[in-house]
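Down below is the structure, laid out as structure tokens.
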Amino acid sequence: MVAVKIGVVGVGAVGSATTLSLLARGLAREIVLVDRNATRAQAVVLDMRYGTPLVPPVNLRAGGHDDLAGADLLIVTAGVNEAAGGATDRNDPVGRLRLLDRNVEIYRDLIPRLVAAAPEATIMVVTDPPDPLAELTRALAGHDRVFSTGTVLDSLRFRVHLGDHLGVCAADVQAFVIGEHGTSQVLLWSSATVAGVPVLDLLTAQGKSVQEIRDQIATEIRYANINIIEGIGASQYGIGAVNARLAEAVLRDEQAVFTVAAYHPGHKVTLSLLSVLGRAGVTQMHHPRLTEPERDALEESARILRRAVERIL
């Protein structure tokens, strides 16, 4: 890949983990880290540069918004996280959406600067809550090359926990989470499989209570971030790996399918479906086959997201 340039905007825990994953994949010839705390960005670059002799050649540097000129992809992680924003109460039905008002103000200031510096870049929104912030970014940027990480990490968590319960490799589990990256997310049990065999059939064959396992896994996924935050202060490594993989799909124009979120005209909001991702962002969005309860849950998730977006646009 020749002369590819990536900007990582926001060099906190997630931005740093993302950068390390980008380096490991050897995705770009140039990576620019931008943070309002320039000293922090410079220190992260200094630390990581000592490892760069072990990865494909890369110009890793800290800079300002103007240094993003010519970037192919901007990965935006800037903003208040769950721990700082008070979004770690398991009993709070609002969840990540509690961060929206504070991060909207950051994005209103930030996104026009990014677009002015790199008008041709595709923009990946990572900051919580990513779906409404991606919709705001799309409006501020004035183009459709905007997507959020959506429920990709939730889907991976679903696969990992199913693999644990079934005693199989998570890579061989196909399972998706759609809708909001948040408390209204929809786990698609009806279409989850292992090598084509329905997961529900496999769980039933084990002689266990399928409903108990469903409830347990849903809880594990829904509160995974909080469990991680309570242990290490921030959820960072899983999403960092996700961001690098999505960046690869964009930069290689893979047209690969992920549950990233983009604006869907039918639902009239940005949410996660089975989305085709490439150089121009999301080019197609597809509904999986849904049971009636799953369809109802998706509609409720879309309604919650529309209500959130109505407050900010």
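Overview of values
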{"read-out": "Residues satisfying the stated conditions in the range 225-236, i.e. closer than 17 Å to Ala78 by Cα and surrounded by fewer than 17 Cβ atoms within 10 Å (Cβ to Cβ)", "value": "Gly233"}
{"read-out": "Answer from Glu300, Glu310 - the residue that is surrounded by fewer than 16 Cβ atoms within 10 Å (Cβ to Cβ), in contact with a Ser or Thr (Cβ under 7 Å, 6 or more places away or on another chain) and either at negative phi or at pLDDT below 95 (or both)", "value": "Glu300"}
{"read-out": "Within the range 252-309, considering residues that are part of a strand (DSSP E or B), touching a Gly at 6+ places or on another chain (Cβ under 7 Å) and among the aliphatic types (A, V, I, L, M), the one nearest to Gly179 (Cα to Cα)", "value": "Leu271"}
{"read-out": "Qualifying residue in the range 246-254 (condition: touching a strand residue (DSSP E or B) at 6+ places or on another chain (Cβ under 8 Å), loosely packed, with under 13 Cβ neighbours inside 10 Å and touching a residue at least 12 places away in the same chain (Cβ under 8 Å))", "value": "yes"}
{"read-out": "Near pairs, Cβ below 8 angstrom, 6+ apart or cross-chain, from the range 46-60 (touching a residue at least 40 places away in the same chain (Cβ under 8 Å) and assigned to a strand (DSSP E or B)) to any residue that is surrounded by 14 or more Cβ atoms within 10 Å (Cβ to Cβ) and among the β-branched types (Val, Ile, Thr)", "value": "Leu60/Thr19; Leu60/Ile31; Leu60/Val45; Leu60/Thr52"}
{"read-out": "Odd one out for Thr18, checked against (1) out of contact with any helix residue (DSSP H, G or I) (no Cβ under 6 Å at 6 or more places or on another chain); (2) assigned to a helix (DSSP H, G or I); (3) crowded, with 23+ Cβ neighbours inside 10 Å; (4) of a type outside the set (Phe, Trp, Tyr)", "value": "(1)"}
{"read-out": "Failed condition for Pro129, given (1) in contact with a Ser or Thr (Cβ under 7 Å, 6 or more places away or on another chain); (2) in contact (Cβ under 8 Å) with a residue 60 or more places away in the chain; (3) closer than 17 Å to Leu313 by Cα", "value": "(1)"}
{"read-out": "Residues of the range 27-43 satisfying the condition of being in contact with a strand residue (DSSP E or B) (Cβ under 8 Å, 6 or more places away or on another chain), surrounded by fewer than 21 Cβ atoms within 10 Å (Cβ to Cβ) and not polar (S, T, N, Q)", "value": "Arg29, Glu30, Ala38"}
{"read-out": "Yes/no for Val152 being more than 11 Å from Tyr263 (Cβ to Cβ) and surrounded by 19 or more Cβ atoms within 10 Å (Cβ to Cβ)", "value": "yes"}
{"read-out": "Subset of the range 155-167 that is within 15 Å of the chain's Cα centre (by Cα) and hydrophobic (A, V, I, L, M, F, W, C) - its residue that is surrounded by the fewest Cβ atoms within 10 Å (Cβ to Cβ)", "value": "Leu156"}
{"read-out": "Residues located in the range 58-112, provided they are modelled with pLDDT of 95 or more, of a type in the set (Ser, Thr, Tyr) and either out of contact with any Leu (no Cβ under 7 Å at 6 or more places or on another chain) or within 26 Å of Gly26 (Cβ to Cβ) (or both)", "value": "Thr77"}
{"read-out": "Search result, residues across the range 117-172 that are part of a helix (DSSP H, G or I), farther than 21 Å from Leu202 by Cα and either modelled with pLDDT under 95 or acidic (Asp, Glu) (or both)", "value": "Asp131, Glu135, Asp154"}
{"read-out": "Hey, Leu99 touching a Gly at 6+ places or on another chain (Cβ under 6 Å), assigned to a strand (DSSP E or B) and not charged (D, E, K, R) or not", "value": "no"}
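Residue-by-condition table, conditions (1) within 19 Å of Asp164 (Cβ to Cβ); (2) touching an Asp or Glu at 6+ places or on another chain (Cβ under 8 Å); (3) acidic (Asp, Glu); (4) touching a residue at least 60 places away in the same chain (Cβ under 8 Å):
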site: Gln206; (1), (2), (3), (4): yes, no, no, no
site: Val210; (1), (2), (3), (4): yes, no, no, no
site: Glu230; (1), (2), (3), (4): no, no, yes, yes
site: Gly278; (1), (2), (3), (4): no, yes, no, no
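The values are calculated or read from the model by the stated rules, or taken from the named source; none is laboratory data. Because the structure is predicted, anything quoted here is derived from the model rather than measured. Cβ atoms come from the backbone with ideal geometry, glycine included; neighbour counts cover every protein chain shown.
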